[in-house]
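Colleague: Structure in C-alpha cells, see below.
The values are calculated or read from the model by the stated rules, or taken from the named source; none is laboratory data. Just so we're clear, the structure is a prediction, and the values are computed from it rather than from any experiment. Backbone-built Cβ (ideal geometry, glycine too); neighbour counts: all protein chains shown. Ligands, DNA and RNA are stripped out before the accessible areas are found, and what is left, the full protein with its side chains, is counted by its heavy atoms. Shrake-Rupley method; radii C 1.70, N 1.55, O 1.52, S 1.80 Å.
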Number of protein chains: 2
Amino acid sequence: MLQRPPAEPGMREDEVDTPALILDLDAFEANLDAMAGFLAPTGTKLRAHAKTHKSPIVALQQMRRGAVGQCVQKVAEAEALAWGGVTDILVSNEVVSPKKLARLAALTRLSKVALCADNHDAVALIEQAAEAAGLRMTVLVEIDVGAGRCGVQPGPEAVALAQRIAGSPHLIFGGLQAYHGSAQHIRTPAGRAEAIASAIEQTRRTVEQLRQQGLDCAIIGGAGTGTFRHEAASGVYNEIQAGSYAFMDADYAANEEAPPFRHALFVLAQVMSRPRADFAVLDAGHKALPTDSGFAKPWQRPGLRYVGASDEHGNLRVEDGVAPVLGDKLRLVPGHCDPTIDRYDWFVGVRGGRVECLWPIAARGAMS
Amino acid sequence: MLQRPPAEPGMREDEVDTPALILDLDAFEANLDAMAGFLAPTGTKLRAHAKTHKSPIVALQQMRRGAVGQCVQKVAEAEALAWGGVTDILVSNEVVSPKKLARLAALTRLSKVALCADNHDAVALIEQAAEAAGLRMTVLVEIDVGAGRCGVQPGPEAVALAQRIAGSPHLIFGGLQAYHGSAQHIRTPAGRAEAIASAIEQTRRTVEQLRQQGLDCAIIGGAGTGTFRHEAASGVYNEIQAGSYAFMDADYAANEEAPPFRHALFVLAQVMSRPRADFAVLDAGHKALPTDSGFAKPWQRPGLRYVGASDEHGNLRVEDGVAPVLGDKLRLVPGHCDPTIDRYDWFVGVRGGRVECLWPIAARGAMS
C-alpha cells in the first residue's frame, strides 16, 4: 500500500504531517548546479546514482543539467527509471539471476541499458538472456580498485573477462566499472586522495592493457560524492557516479571542513512527548531515520541532540537553547541519505517555507 | 509504487526472487500457538503488537488464537489494521497532531480504538478531536516504568492525568500503558527479571492509587517478547503486547539459552559475486536487512558469517563448510524483525519448501 502524501502544495512547512521527507528545493537545485559546474571544465560526465534518489523526476533534472544518464544497483530501480522516461541506465552492479536478466533484456527495448559482470559464469548467463530476447546487451567489467567487495582484479583478469564479453555474440563490451566505495567515507581528505590515486592508477593500467588487445572502453566509470574531484581530474575516468551530492547527509558533511554541497534533505519530525525538562521524544525513530551511518542531527536547533533511536521514537537531549514544546516540528539531517529516502513514498519539495511539490519515490523499496 | 511480488504460490523456495521476506509458516503458526499456550493458564490476554508484523492478515490469525486485539504505534498502522478487519486497536503511543487525532477519531466508527497520553495538553487535544467528531475516545495513561522514554511518573502524576481524562466530557479513561521497552533487550534473564519486578511494583501501586480515586483500569498493558512471562504472571498486568515472538530474530535469540519461539522469518538472498575463495557478496545489504540490532545470521549454513553491509551488498566471510557458489540462494535470520519486515511489500509464506501464500504488508512504511 502506498502511503498517503504527508502534504499538499501550498501548505506551510509546519503544516506537513510527520515524519516527512523534506526536500529543500533551493539547496537541491544549487547542488545539481554545483556538480555540473565542477565537472564542466574536466570534460568528465555525470552519470548520477539513482540508488540515492530513487526517482525518475530527480534523474531527469540531473540530465537536464548535463548528466549523460543514471546508475542503479538493482533491476527494479532500472525499471522504475525507464518507465519514468530515463533513456540511459547503467546497472553499476552484478546481476546473476536469469529472471532478473530477462527483465533487464526486456528493458533494453525502452532505454539504453548496460550492466556489470565480474565472473565468466555470469557473462554466460547474460549472453543466454540476450540471445533469448533476440538482442545485444552491453556489459562492463567491474574491477576491484580497493574496496574489496565485487569486481575482478585489475589487469589481466579484467582483460580476460572483457575478451569473453567481446567474444559473446549477443554482448557488447561497454567498458570498466571502477568504483572505490569504501574510499568515499575515509574521514580525511588526504586519506581519500591516497586511496583514489591508487584506484586511478590501477584503472589507467587496465584501460591501457585493454587497448593493447583492441578493446576500447566507452565508459570508464566510478567515483562518489566523497572523491569525485579526484576521478574527474584523472584523465582516466570519463563518468562520475555520485548520488549523495544532490542531498548531502550528516555522514558526508562530517568529512569536509567546507562541504561543497548544501543540506537539501531533511526529515520533519514532531515532538510527541516531553517527559522531562532535559528530554524530548520525536515521532521519528530508526524506521524513519536509519542509523547505519550514525544518528540524525537537528537542523538549526542549537542545544538539541538526537541521542537515541528505537523503532518509532527518537530521543532528543535538550542541552540548552530554546527548548522544544509538545507538538513542535523540527527538521533533522539524516545520518545517511540513501536508506533514509528509501523509507519514504514521497519527497515533499519546499521553497520559501511553503510546499511547492510532491514527488513520488517510484523506486522506493526496489530491491530486486 | 508497490513492488511486484517476488514469488507465486506453488514455486519452490529456490525459485523465489531475491531479496525476499520468507515466512516459514510451520514455525510461525507454532509460535502463535506457543504464545497462546503460555498465556492461557495466566488469564492474561494477548494484544499483539502490529508494529512488528504490519499486517491485518497476521493480526487476524493472532486473534483467532485468542488475542483480544492489536497494538500499533502509529495512526497509519491503526488505519491499515481497521481497514483490514481488525476490530480492537490500541495505539500504545502518544498522538499530539490534531490531523492525526481527527483520523483516529474517524477510525473509531469502524473499530474499537484507544490511544495513550502522557501530558495534560495532549489530553486537551484529544478531547477537542473527539468533540469535533461527535464521539468519545478512550485514552490510557502511559507511565514510565523504567524505560526512560515516554510516560508520566507512576503514582500521583499518573492519577492526576487519569482524572483529567475521566473529567473530559468526550474521553473515557481506559487504563495504564506500562511497557518497559529497554528491559526487553537486557542480555541476562536475571537482569530482565529484576527490571520487570520493579515495573510490576510501580504499576501495582499506581493501579491501587487510581482505584482509591474511583478509577478502574480496563487495560493494564505492557510487556514484550523478552519479558512477557513476568508480566503475565504478575497478577497486575492483564494484557501482553509482544510482537516479535511470532517471528523471532537474531537479537532476541541471543538472549536465551533455549528460546521459546522458533525462527519463522528469513530474508532470502542470492550470491551475486564470488571474488575470492573466502568471500562472497549477497544482494541484500542494510536496505534489505537493517543493522540497528546487529547483522543478520546465515541460517543452517555453518562456516558462513555475514560480516558487513553496505546499501545493497551483504559481505559473507566463508570460514569453512560448504562454500556458496555464484547464484546460490540462502536464508538469513534478520538482526531485528521489526524494521526488516517494514522494508518489504510482501510476506512469502513457505511450507515444505514450496510457496504457499503471498501476504501484502499493508502497513509497510506506515509512519504517520
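Colleague: Quick one: is residue B:158 in contact with a strand residue (DSSP E or B) (Cβ under 7 Å, 6 or more places away or on another chain), buried (at least 22 other Cβ atoms within 10 Å of the Cβ), in a helix (DSSP H, G or I) and assigned by TED's automatic domain parsing to the domain that holds residue B:67?
Modeller: The answer is yes for residue B:158.
Colleague: Of B:355, B:307, B:350, B:333, which residue is of a type in the set (Val, Ile, Thr), surrounded by fewer than 18 Cβ atoms within 10 Å (Cβ to Cβ) and over 19 Å from residue A:365 (Cβ atoms)?
Modeller: After applying the criteria, what remains is B:307.
Colleague: What pairs can you find where one residue is in the range A:77-91 and within 12 Å of chain B (Cβ to nearest Cβ), the other is modelled with pLDDT under 95, and their Cβ atoms are less than 7 Å apart, with a gap of 6+ or different chains?
Modeller: A:80/B:1
Colleague: Given the structure, is residue B:99 within 12 Å of chain A (Cβ to nearest Cβ), open to solvent by 10 Å² or more (accessible area, probe 1.4 Å) and closer than 23 Å to residue B:341 by Cβ?
Modeller: So residue B:99 fails the test.
Colleague: Take the range B:108-122 and flag every residue that is crowded, with 16+ Cβ neighbours inside 10 Å and within 11 Å of chain A (Cβ to nearest Cβ).
Modeller: B:116, B:117, B:118, B:119, B:122
Colleague: May I pose another question? Applying the selection to the range B:175-208, what residues are at pLDDT below 95, under 19 Å from residue B:241 (Cα atoms) and of a type in the set (S, T, N, Q)?
Modeller: B:182, B:184 - these are the residues of the range B:175-208 that are at pLDDT below 95, under 19 Å from residue B:241 (Cα atoms) and of a type in the set (S, T, N, Q).
Colleague: Now a separate question. Filtering the range A:8-23 down to residues that are in contact with a helix residue (DSSP H, G or I) (Cβ under 8 Å, 6 or more places away or on another chain) and of a type in the set (A, V, I, L, M, F, W, C), which residue is nearest to the other protein chains (Cβ to nearest Cβ)?
Modeller: The residue in question is A:21.
Colleague: Considering only residues that are over 13 Å from residue A:206 (Cβ atoms) and part of a loop (DSSP other than H, G, I, E, B), look in the range A:125-145 and name the one that is nearest to the chain's Cα centre (by Cα).
Modeller: So, considering only residues that are over 13 Å from residue A:206 (Cβ atoms) and part of a loop (DSSP other than H, G, I, E, B), the one nearest to the chain's Cα centre (by Cα) is A:136.
Colleague: Is it the case that residue A:273 is within 11 Å of another protein chain (Cβ to nearest Cβ) and closer than 21 Å to residue A:188 by Cα?
Modeller: Answer is no for this residue.
Colleague: Give me a count of the residues in the range B:269-280 that are open to solvent by less than 10 Å² (accessible area, probe 1.4 Å) and more than 20 Å from residue B:21 (Cβ to Cβ).
Modeller: 2
Colleague: What number of residues in the range A:189-215 are free of Cβ contacts under 8 Å to residues at least 24 places away in the same chain and not in a helix (DSSP H, G or I)?
Modeller: The total comes to 1.
Colleague: Sticking with this one: Kindly indicate the residue of the range B:284-295 that is more than 8 Å from chain A (Cβ to nearest Cβ) and either open to solvent by less than 10 Å² (accessible area, probe 1.4 Å) or in a strand (DSSP E or B) (or both) and also nearest to residue A:338 (Cα to Cα) among those meeting that condition.
Modeller: Among those residues, the one meeting the criterion is B:285.
Colleague: Can I ask one more? With (1) open to solvent by less than 10 Å² (accessible area, probe 1.4 Å); (2) without any contact (Cβ under 8 Å) to a residue 60 or more places away in the chain; (3) within 21 Å of residue B:26 (Cα to Cα) as the list, and residue B:266 as the residue in question, which single condition is left unmet?
Modeller: (2)
Colleague: State which residue pairs qualify: first residue buried (at least 23 other Cβ atoms within 10 Å of the Cβ) and inside the range B:136-151, second residue of a type in the set (D, E, K, R) in any location, beta carbons under 6 Å apart, and separation of 6 or more residues or different chains.
Modeller: Partner pairs satisfying both residue conditions: B:142/B:118; B:150/B:94; B:150/B:118; B:150/B:142; B:151/B:118; B:151/B:142; B:151/B:144.
Colleague: Which of the residues spanning the range B:61-86 are of a type outside the set (A, V, I, L, M, F, W, C), surrounded by fewer than 24 Cβ atoms within 10 Å (Cβ to Cβ) and farther than 19 Å from residue B:222 by Cβ?
Modeller: Listed by number, the residues that qualify are B:61, B:64, B:65, B:84, B:85.
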